[in-house]
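The values are calculated or read from the model by the stated rules, or taken from the named source; none is laboratory data. Computed from a predicted structure; not experimentally measured. Here the Cβ is made from the backbone with ideal geometry for all residues, glycine too, and neighbour counts use every protein chain on show.
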């Protein structure tokens, strides 16, 4: 848009210059035409003097008439030596006196006529008149190569067109430079808005903007403030809701865990007499249970426990997602995060879960550090490891890595990586799994679809790049987070 406006202004300024140049050409031609008209009048005034210069007919046959140049004609030929000529011919057009190249059709009347003759690369203006002389009726002609109109036509390129073209070209360059310089603040403003992160809703500096676009910048800042307030309200709502849900969900989960342990401890051996028709073992009521209380089966309690765990995890992930918002982290100072220590800590945290599922949870780490928010980087890695353990089938391998990776083009970067040999993510689905609450169709197991979304959000906050690849032996999933130095 800015380029189109700049080109439009350039065109609107150059076109009038071209029109003015054409007007200058036309005025120059008119000036030459007026000078040529005066020149024609001079030649007309000299023709009678040329006729008077022919004093008498020839004394002998085949001889020219007697010629004595009148002073005006003599002065004219002397002043325009090399660019003037004359001729005297009889009514039949035969040359009697003068230059043979000064020739035109014999006039039928006594009125003067004008013609142009090309000779030796010079265009001459020729005035011809038929009239009485001392040798009888003859045709006299004067030629002048200094005619302004003829010179204008010959020197049109060098004297008129070329200077005007140079003037228009120089003016176009000057206008282009001036317009580009004048539009630079507007171009900078457009680039700043175009390259701004969708999460960056900070106001634009109005003082550094051109006065003509300050109303637009003010409106944009007002829009940014409204969107920011709305997003902040939503973020606070999600954070408050998730925070409020954590306490009752934690209590509910603890109660269900206690029921599950008590149900397993009190459940009698299965027998036909103690079995229901649906095959579920009944949990006898503990002492003090009121008559008529509903007895829950071990399977039902297990389902209830899994449901509370998922709900508690969802509340925790929603809270982490709201806290990972870049705007809420601006006031929090960054710190040095030891990735090697973090990987070792999470290995210990997830070792029981991996062992219980029969997974080989491994560690390949180097001592590296990044600058960021430690609790967020921990949340990122925790989500990646939790996903890998959750979706890798029993007997699989999950590996946590960190270190420095040297690229073929560019500087070395610190990376954090979780790799598994599970089902993986198809290539067409890799962009969509970064979306919140999206799960690949047909995925086995229970999940919320927030793990990778949270990890990607945290990576963006740290200006890191999260990429999905294929695990070992072209199977499974490799999630790599590359941090900037």
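Quick look at the numbers
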item	result
Residue 86, sole failed condition from (1) part of a strand (DSSP E or B); (2) free of Cβ contacts under 8 Å to residues at least 40 places away in the same chain	(2)
Unmet criterion (only one of (1) farther than 18 Å from residue 482 by Cα; (2) surrounded by 20 or more Cβ atoms within 10 Å (Cβ to Cβ); (3) modelled with pLDDT of 90 or more) for residue 339	(1)
Evaluation of residue 69 against (1) surrounded by fewer than 19 Cβ atoms within 10 Å (Cβ to Cβ); (2) part of a strand (DSSP E or B); (3) modelled with pLDDT of 85 or more (one fails), failing number	(2)
Candidate set: the range 363-398, residues that are part of a loop (DSSP other than H, G, I, E, B) and touching a helix residue (DSSP H, G or I) at 6+ places or on another chain (Cβ under 8 Å); chosen: the one surrounded by the most Cβ atoms within 10 Å (Cβ to Cβ)	373
Number of the condition not met by residue 442 [criteria: (1) modelled with pLDDT under 75; (2) assigned to a strand (DSSP E or B)]	(2)
Filter result for the condition that a residue is more than 26 Å from residue 138 (Cα to Cα) and surrounded by 11 or more Cβ atoms within 10 Å (Cβ to Cβ), over 46, 77, 10, 95	10
Filter result for residue 395 (farther than 16 Å from residue 464 by Cα and either outside the structural domain of residue 343 (by TED's automatic domain parsing) or in contact with a strand residue (DSSP E or B) (Cβ under 7 Å, 6 or more places away or on another chain) (or both))	no
Qualifying residue in the range 399-408 (condition: in a helix (DSSP H, G or I) and within 15 Å of residue 350 (Cβ to Cβ))	no
Restricting the range 202-244 to residues that are over 21 Å from the mean Cα position of the chain (by Cα), at pLDDT below 75 and not in a helix (DSSP H, G or I), the residue that is surrounded by the fewest Cβ atoms within 10 Å (Cβ to Cβ)	208
Condition broken by residue 350, with the remaining ones in (1) part of a strand (DSSP E or B); (2) buried (at least 17 other Cβ atoms within 10 Å of the Cβ); (3) touching a helix residue (DSSP H, G or I) at 6+ places or on another chain (Cβ under 8 Å) satisfied	(1)
Checklist (1) assigned to a strand (DSSP E or B); (2) more than 14 Å from residue 47 (Cα to Cα); (3) modelled with pLDDT of 85 or more applied to residue 116, failing item	(3)
Close pairs from the range 160-186: first under 18 Å from residue 213 (Cβ atoms), partner at pLDDT below 75 and not in a helix (DSSP H, G or I), Cβ under 7 Å, at least 6 apart	185/209; 185/210; 186/210
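Residues are listed down the side, and each one gets a yes or a no for (1) at pLDDT 85 or above; (2) outside the structural domain of residue 84 (by TED's automatic domain parsing); (3) assigned to a loop (DSSP other than H, G, I, E, B):
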{"site": "101", "(1), (2), (3)": "yes, no, yes"}
{"site": "105", "(1), (2), (3)": "no, no, yes"}
{"site": "127", "(1), (2), (3)": "yes, no, no"}
{"site": "153", "(1), (2), (3)": "no, no, no"}
